[in-house]
Structures are given as C-alpha cells and as structure tokens.
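A.B. asks: Below is a structure I'd like to ask you about.
The values are calculated or read from the model by the stated rules, or taken from the named source; none is laboratory data. Since this is a predicted model, take the numbers as computed values, not measurements. Positions of Cβ are generated from backbone atoms using ideal geometry, with glycine treated the same way; all protein chains shown enter the neighbour counts.
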Amino acid sequence: MMYRFMVALLAGAIYIYSPGVWAASCCGGGSSTSLILPKFSKSMVDLSFDFENYDGFWNQDGFVTPDPPESDLNQYRFNTGYAHRLGSNWQASLVVPYVWNQNTYAGLDSRTNDFGDTQVNLWYEAFETVMCVWKVNEWEDLMPAAYFGASLTLPTGTSPYNDVANSFDITGRGFYRLDANLLLDKTIYPWTATLLLSYGIYQERPVNREYGNYVEPYEKKLGDRQLASLSFGYTQFLDSMDSLTYTLAYSYLNEDQGTINGKTNYTSGFKKNAIGFTVTFSTLDNDWIFKGTYNHALDGDDYGRNFPITDIFTIGVTRVFR
Amino acid sequence: MSFVRLVIVLITFLTLTGCENAADNMLPSSEDKRPVVEQGVPGTSVGQIALDFTIPDTLNNPVTMSNELVGSDGVVLYFTMWCPVCDSHMSHMRAHIIPNYPNIKFFFIDYVSGSVTIARSAQISNGYTGTSYSVLVDTDQSVLTAYRGTMGTAVVIDASGIVQMNEDYKDGTKINSILENL
C-alpha cells in the first residue's frame, strides 16, 4: 500500500509541476513534462494529453490584457514519457511532446502541428527507504524524501529560427536549457506536502534566420529561469483499496530578461503564477494510474508579466513496472 | 544503458525523419545566408523599392504608404497580433523609439482582426490609442504577405521609398540605429 501511495502522489505532483504551463502557441510552446519514478520500481511509461486555452495575457507592466475580440487560441499537446531506473538511487526519464496549435481570430485561422521540445531528466534519490510514515514517533520520521535532479531541454520543436512561414508554426523555443532541480516530498498518511525548486540556464545560440527569412547573424540567449512549486495532497482509500489522491498546488515561474549580442533584451522575460488541482486514481492490483489536472493562471494584475494567461486541462495514464 | 540507447534513438529519429527543424535548432548556424537581392527594384528586402499599399486605419481612413512618405523622414511598419511579444515590442517602441523621431511615421499593422471595428476594439483594449502612431487594419493579410511579415516584424522605409530594414524587432537596437541615420 505504501508503494502505491507513493506512486499516486508523485504522479499527481508531477502533473502540477509540468513546465508546460509556460507554453504559448503564439510565441513558442510545446514544453514537455517531467517524470519521477517511485522508489523500488524499474520503469514507467506515461502518456498524457494537455489542452491549453488562452484567455488574454499580462502585458509588460503586469496588467491583464484581453486577446483580440472573437479570437479562440488553443494548444494541444500529447506527451509520451518513459522513466527508467539506472541504479538503486538513480533514475532517468525522457518526455517527448507532440504539439498542435489551433488559433482562430476574426480575420485569420491557423492550424499547425509538430514535435515540441524534448526533455531528458536525471534524478538522484537521497534516501534509501520509503520515507512515508503513518505516525511521527521520532525526529527521523519527519525527514522528507529528497530528489536532486538535472533536466536538459532539447530544442526538437519548431522554433522562430527555422524555415517557418509565421509565428503560428512554432512548437518550441529553439534553445538548449539545463535545469537544476530539487524535489522534497514528505508524507504522513494520508497527507503529503511537496516542494519543487528549479533553476534553469539557457545556452546562447547563433541566429541567422527569423520566421523563414535569413537575417544578419547574431547571438541570442534567453534569461535564466526559476520555478517554485508547493503542493499539498490527501489520499482517500476506497473500499476496494484502490485510492484517490487529491493534490492542490501553487506554482511560480519566472524567466529573466535575455540578451542579444551580449546586451540585455528589455523586451524579453516573463513571470507567471498559477494554481493547480489534480485527482489521481491508482488501482490495487496493478500499477496503473489515471490522472486529471486543472491548472489555472491567476488572472489578476501583477500575477504575471509579458505572458499569456491560460487554463490547462490534462488527462493521463501511467503504467509502472516493478 | 538501455535508457541511453533510447535517448540516442529518439534524437536520431527526430533529427532524421522529417525533422529538419530539430536539426537546425540542435546545431544552429552562425553563417550569413542572406540571399543577394537586386537593389533598386520593387520588393521587400533591404535596398529594394518598398511595395506601396493602401489599407484603412482603425477609424476607417484610408492610408497609402507612399503618401505617408511625403514630407517625412520615413515610415515604420510593425505587424501585431496583440500578443505578449507584440505588446513588449510596441510598448518599448512607444516609450523609447517613437518620441525620438517626430518626423517619422509609425504604423502598427493589425493583421488578425479582419475588420476595422474589431481592430479598433483590440487597439483600445490594449491601450494603443496615442496620437504619435496609428493602427492600420490589414483585413486580408495582403500587406503582411507582401512584406513576408509575421508577429513582431518591423519594416523601415526611408523617405525615398527604399526598404532599410525588414526583420524581427528584437530589442529595438537595430531599428534605432537605422532610424538615426535616416
């Protein structure tokens, strides 16, 4: 039971932490999610489908601004993930998204699709046994499960620097990014709390083409990226001993201003605050997990900057192999 | 090792199976591949004679590009779809570029609204009702197509009608240096 409980909690938390929340079909989306394999399991296959609906944006000053009248802007992502245990404390995962952009304006209609940016993750588990407890009897029972990770984003999606006709074709950002991640997770049945901190650095790259037109080459770098997410979960065991886990999360995402030829690009960078709610169903006899998540950007002034305001609906299924 | 093999296979798959874009991004080039274009002929590339057009502004007044060049030092076109990137460019232009060039005409071209009424509504809700620039409505994307533009494209045309810039606005550095020399 303890094992299944961990699987459900992590699966739920991962969906809320999805960095796909920054995706933007008009300016470079298609980010993939991260996967974490529970202790003592060998591998995991995860399939999920995101529907992201756009409803305005925060402008440079943080004020909520509506999309053009009669517009309907959406992005769909199908994420294929695989996680594999490399050793007793090491695991790696890979997530590949496929992205569909569907943007309708009063005077324009666009539908495009391609692979998004791929994410490769490596995690170290700084604990030897299951850290979940039923009751706190001593200090050690309060110790969380700590994961230290690195994530490499590969620019496999279509970016503004490819041979594309316009901005609607974009499904990725076109840059490598390396993230350092810390995940702390503590469960005292039936409650759990999870904290994720992530800091990412983009690699500078040359650009010689913009939206299909060759330009004078220059060097471009996106700003450093910070993600913090805090979640709380509650698990309900059903009569069948299947379980339902409810997870509520708050996330903060910030990207600093980037550079062009080494000088600060003051039109870049963004910020976003969002909340998410996930319901996870885990079966008793096998390791199937079904998930549904709703992620909502806090759509008030100053909750974001220079970024679309979106709602993301995710459904997914995970198969864990022991 | 099986995971490493999986990663290698996948990247190879993405790179080779019709994913030219992935290869371009994973191995980006700094080579200058701008084509040599014939100067002084009608076109939209730098050095060519800018294509003329007439489209309405958001008050339904027809605006002809060649007429706007008369008596001014030049014209700047910026293609907007009222998105965060567009707003960051436009607000930067409004604060740091437009005030410095009073004898240059600045036009934000809305290519997504499809009608003057909707474009006017978008203009107002986005807060771009100032008098130092105008918002034009490219209802059928004819100007966008002619200038090979997209979200964020900025075009500079000098007083003699020659295209001096046609590329993404980026951080405004390049457009500023070009306008200084008009």
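A.B. asks: Quick check on this structure: which one of A:Tyr234, A:Tyr303 is among the aromatic types (Phe, Trp, Tyr), buried (at least 16 other Cβ atoms within 10 Å of the Cβ) and either farther than 22 Å from A:Pro155 by Cβ or within 14 Å of chain B (Cβ to nearest Cβ) (or both)? Full working, then the answer.
C.D. replies: Values: A:Tyr234 fails: buried (at least 16 other Cβ atoms within 10 Å of the Cβ).
Result: A:Tyr303 is the single residue among A:Tyr234, A:Tyr303 that is among the aromatic types (Phe, Trp, Tyr), buried (at least 16 other Cβ atoms within 10 Å of the Cβ) and either farther than 22 Å from A:Pro155 by Cβ or within 14 Å of chain B (Cβ to nearest Cβ) (or both).
A.B. asks: Also, quick follow-up: Yes or no: segment B:99-115 includes at least one residue that is among the charged types (D, E, K, R), modelled with pLDDT of 95 or more and buried (at least 20 other Cβ atoms within 10 Å of the Cβ). Talk me through it step by step, then tell me what you get.
C.D. replies: So in segment B:99-115, the residues among the charged types (D, E, K, R) come out as B:105, B:110.
Checking the rest, the ones that are also modelled with pLDDT of 95 or more come to B:105, B:110.
If we keep only those that are buried (at least 20 other Cβ atoms within 10 Å of the Cβ) as well, we get B:105, B:110.
Yes, that holds for at least one residue.
A.B. asks: I'm trying to understand the selection: among the residues of segment A:182-213, which are modelled with pLDDT under 95, among the hydroxyl-bearing types (Ser, Thr, Tyr) and part of a strand (DSSP E or B)?
C.D. replies: Hits for segment A:182-213 are A:Thr187, A:Thr192, A:Thr194.
A.B. asks: Condition first: crowded, with 23+ Cβ neighbours inside 10 Å and of a type in the set (Asp, Glu). Can you find one or more residues in segment A:146-168 that meet it?
C.D. replies: no
A.B. asks: Related question: Which one of A:Val45, A:Val95, A:Val133 is in contact with a helix residue (DSSP H, G or I) (Cβ under 7 Å, 6 or more places away or on another chain) and of a type in the set (Val, Ile, Thr)? So that I can check it myself, show each step before the final result.
C.D. replies: Details: A:Val45 fails: in contact with a helix residue (DSSP H, G or I) (Cβ under 7 Å, 6 or more places away or on another chain); A:Val95 fails: in contact with a helix residue (DSSP H, G or I) (Cβ under 7 Å, 6 or more places away or on another chain).
Exactly one of A:Val45, A:Val95, A:Val133 is in contact with a helix residue (DSSP H, G or I) (Cβ under 7 Å, 6 or more places away or on another chain) and of a type in the set (Val, Ile, Thr), namely A:Val133.
A.B. asks: For residues in segment B:46-85 being within 9 Å of chain A (Cβ to nearest Cβ) and not aromatic (Phe, Trp, Tyr), which is surrounded by the fewest Cβ atoms within 10 Å (Cβ to Cβ)?
C.D. replies: The first filter runs over segment B:46-85 and keeps only residues within 9 Å of chain A (Cβ to nearest Cβ), leaving B:81-85.
Narrowing the set further to residues that are not aromatic (Phe, Trp, Tyr) leaves B:81, B:83-85.
Working: B:Met81: 28, B:Cys83: 26, B:Pro84: 24, B:Val85: 26.
Per the criteria, the residue is B:Pro84.
A.B. asks: Same structure, new question: Quick one: in segment A:32-50, which of the residues that are under 27 Å from A:Pro155 (Cα atoms) and surrounded by fewer than 16 Cβ atoms within 10 Å (Cβ to Cβ) is farthest from the other protein chains (Cβ to nearest Cβ)?
C.D. replies: Keep residues of segment A:32-50 that are under 27 Å from A:Pro155 (Cα atoms), which gives A:32-37, A:43-50.
With the extra rule that they be surrounded by fewer than 16 Cβ atoms within 10 Å (Cβ to Cβ), the set shrinks to A:45, A:47, A:49.
Details: A:Val45: 12, A:Leu47: 15, A:Phe49: 20 Å.
Among them, the one singled out is A:Phe49.
A.B. asks: Continuing with this model, one more query. Can you go through B:Tyr101, B:Tyr111 and tell me which one is closer than 23 Å to B:Thr173 by Cα and either assigned by TED's automatic domain parsing to the domain that holds B:Asp57 or of a type in the set (Phe, Trp, Tyr) (or both)?
C.D. replies: Working: B:Tyr111 fails: closer than 23 Å to B:Thr173 by Cα.
Of B:Tyr101, B:Tyr111, the one residue that is closer than 23 Å to B:Thr173 by Cα and either assigned by TED's automatic domain parsing to the domain that holds B:Asp57 or of a type in the set (Phe, Trp, Tyr) (or both) is B:Tyr101.
A.B. asks: OK, next. Consider segment A:112-128. How many of its residues are assigned to a strand (DSSP E or B), within 10 Å of another protein chain (Cβ to nearest Cβ) and not aliphatic (A, V, I, L, M)?
C.D. replies: Pass one, segment A:112-128, residues assigned to a strand (DSSP E or B): A:112-115, A:118-125.
Adding the requirement that they be within 10 Å of another protein chain (Cβ to nearest Cβ) leaves A:114-115, A:118, A:120, A:122.
Now restrict to residues that are not aliphatic (A, V, I, L, M): A:114-115, A:118.
Result for segment A:112-128: 3.
A.B. asks: I'd like the full set of residues that are more than 9 Å from every other protein chain (Cβ to nearest Cβ) and not in a loop (DSSP other than H, G, I, E, B), limited to segment A:57-72. Break it down into steps so the answer makes sense when it comes.
C.D. replies: At the first step, the residues of segment A:57-72 found to be more than 9 Å from every other protein chain (Cβ to nearest Cβ) are A:62, A:64, A:72.
Within segment A:57-72, A:Val64, A:Asp72 qualify.
A.B. asks: Now for a different question. Would you call A:Phe49 modelled with pLDDT of 95 or more and out of contact with any Lys or Arg (no Cβ under 8 Å at 6 or more places or on another chain)?
C.D. replies: Working: modelled with pLDDT of 95 or more: yes; out of contact with any Lys or Arg (no Cβ under 8 Å at 6 or more places or on another chain): no.
In short, no.
A.B. asks: Can you spot a residue in segment B:62-81 that is touching an Asp or Glu at 6+ places or on another chain (Cβ under 7 Å), under 30 Å from A:Phe175 (Cβ atoms) and at pLDDT 95 or above?
C.D. replies: Taking every residue of segment B:62-81 in turn, at least one turns out to be touching an Asp or Glu at 6+ places or on another chain (Cβ under 7 Å), under 30 Å from A:Phe175 (Cβ atoms) and at pLDDT 95 or above.
A.B. asks: A further question on this structure: All but one of (1) crowded, with 16+ Cβ neighbours inside 10 Å; (2) modelled with pLDDT of 90 or more; (3) of a type outside the set (Gly, Ala, Ser) hold for A:Met131; state the number of the condition that does not hold.
C.D. replies: Checking A:Met131 against (1) crowded, with 16+ Cβ neighbours inside 10 Å; (2) modelled with pLDDT of 90 or more; (3) of a type outside the set (Gly, Ala, Ser), the one that fails is (2).
A.B. asks: Report the residue count in segment B:4-57 for those that are at pLDDT below 90 and in contact with a helix residue (DSSP H, G or I) (Cβ under 6 Å, 6 or more places away or on another chain).
C.D. replies: Number satisfying all stated conditions: 4.
A.B. asks: Anything in segment A:79-111 that is surrounded by fewer than 16 Cβ atoms within 10 Å (Cβ to Cβ) and assigned to a loop (DSSP other than H, G, I, E, B)? List them, or say none.
C.D. replies: A:Gly87, A:Ser88, A:Asn89
A.B. asks: Next question. Select, from A:Asp242, A:Asp224, the only residue that is surrounded by fewer than 20 Cβ atoms within 10 Å (Cβ to Cβ), over 26 Å from A:Asp311 (Cα atoms), more than 14 Å from every other protein chain (Cβ to nearest Cβ) and of a type in the set (Asp, Glu). Outline the logic, then answer.
C.D. replies: Values: A:Asp224 fails: over 26 Å from A:Asp311 (Cα atoms).
Within the list A:Asp242, A:Asp224, the selection yields A:Asp242.
A.B. asks: Among the candidates B:Val70, B:Val116, single out the residue that is touching a residue at least 60 places away in the same chain (Cβ under 8 Å) and of a type in the set (Val, Ile, Thr). Let's see the steps before the verdict.
C.D. replies: Numbers: B:Val70 fails: touching a residue at least 60 places away in the same chain (Cβ under 8 Å).
When all the criteria are applied, what remains is B:Val116.
A.B. asks: Considering only residues that are of a type outside the set (Gly, Ala, Ser), crowded, with 22+ Cβ neighbours inside 10 Å and more than 7 Å from chain A (Cβ to nearest Cβ), which ones fall in segment B:148-162? First the steps, then the outcome.
C.D. replies: First pass over segment B:148-162, keeping only residues of a type outside the set (Gly, Ala, Ser): B:148, B:150-151, B:153, B:155-158, B:162.
From the residues that got through so far, the ones that are crowded, with 22+ Cβ neighbours inside 10 Å too are B:150-151, B:153, B:155-157.
Scanning segment B:148-162 gives B:Thr153, B:Val155, B:Val156, B:Ile157.
A.B. asks: Also, I was wondering about something else. Tell me whether segment B:35-54 contains one or more residues that are over 21 Å from A:Asp163 (Cα atoms), assigned to a loop (DSSP other than H, G, I, E, B), within 18 Å of the chain's Cα centre (by Cα) and of a type in the set (A, V, I, L, M).
C.D. replies: Start the filter on segment B:35-54 by keeping residues that are over 21 Å from A:Asp163 (Cα atoms), which leaves B:38-42, B:47-54.
Narrowing the set further to residues that are assigned to a loop (DSSP other than H, G, I, E, B) leaves B:38-41, B:47-48, B:51-53.
If we keep only those that are within 18 Å of the chain's Cα centre (by Cα) as well, we get B:47-48, B:51-53.
Now narrow it down to the ones that are of a type in the set (A, V, I, L, M): B:51.
Yes - at least one qualifying residue is present in segment B:35-54.
A.B. asks: Are there any pairs with C-beta distances below 7 angstrom linking a residue in segment A:222-250 that is on the phi < 0 side of the Ramachandran plot and acidic (Asp, Glu) to a residue that is in a strand (DSSP E or B) and at pLDDT below 95, with the two at least 6 apart or on different chains, and if so which?
C.D. replies: A:Asp242/A:Phe281; A:Asp242/A:Ser282
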